[in-house]
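Written out below as structure tokens is the structure these notes cover.
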Amino acid sequence: MDKQTSPLKRFTKTLIGFFEMLSDSYPEERDICLATDGLKAIDSANPRILLTMFMKNIYPTFREPVLTKNEEVLISLGHDVLQNKFSEMSYAFWIFDKHWKTMSEPDKDKIWKWCTALVLLSERAAASS
């Protein structure tokens with residue numbers, strides 16, 4: 001993306017890219033594919049809603065454990081969120097609940113990078129609103 005791209009657009013493209021990567025990596029997980037489609041539909045209707053959903057439902061509990069790479073907290077949060085607080089955004093935690101313990105270290109590193117980018121880009125997008 002060029003330097004002219006808004007912080008909101010950077011965030012939404014990264015969020016959807018993350019979900020597309022998860023869908024490609026775990027095609028057997030139908031729910032993640034459906035969540036990806038839902039996020040794309042929301043993005044085309046009103047991308048600001050994606051930021052609002054992320055900041056309300058994910059960011060408050062996701063930020064600190066992502067930035068400190070605290071996998072134990074994220075695994076616990078992932079399980080709790082998926083059981084009790086469903087939304088399309090809940091699948092940001094899904095990878096930690098379902099596949100983290102069996103994932104290779106290089107794949108874990110990719111997930112940390114995606115998640116860190118989402119946290120930082122969401123902060124920039126929220127600050128520029």
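The values are calculated or read from the model by the stated rules, or taken from the named source; none is laboratory data. No experiment lies behind these values; they were computed from the predicted model shown. Ideal geometry is used to build each Cβ from the backbone, glycine not excepted, and the neighbour counts take in all protein chains shown.
So if I check each of Ala125, Ala117, which one is surrounded by 15 or more Cβ atoms within 10 Å (Cβ to Cβ), modelled with pLDDT of 95 or more and more than 19 Å from Met21 (Cα to Cα)?
Sole residue among the options that is surrounded by 15 or more Cβ atoms within 10 Å (Cβ to Cβ), modelled with pLDDT of 95 or more and more than 19 Å from Met21 (Cα to Cα): Ala125.
Quick one: how many residues across the range 5-24 are without any contact (Cβ under 8 Å) to a residue 24 or more places away in the chain and among the hydroxyl-bearing types (Ser, Thr, Tyr)?
Final tally of qualifying residues: 2.
Take the conditions crowded, with 19+ Cβ neighbours inside 10 Å, modelled with pLDDT under 95 and in a helix (DSSP H, G or I) and apply them to Ser76. Does it pass?
Values: crowded, with 19+ Cβ neighbours inside 10 Å: no; modelled with pLDDT under 95: yes; in a helix (DSSP H, G or I): yes.
No, not satisfied.
Gly38 fails exactly one of the following numbered conditions: (1) within 27 Å of Ser104 (Cβ to Cβ); (2) in contact with a helix residue (DSSP H, G or I) (Cβ under 8 Å, 6 or more places away or on another chain); (3) not acidic (Asp, Glu). What is the number of that condition?
Here Gly38 clears every test but (1).
Which of the residues belonging to the range 25-68 are assigned to a helix (DSSP H, G or I), of a type in the set (D, E, K, R), surrounded by 14 or more Cβ atoms within 10 Å (Cβ to Cβ) and at pLDDT below 90?
Correct list: Asp31 only.
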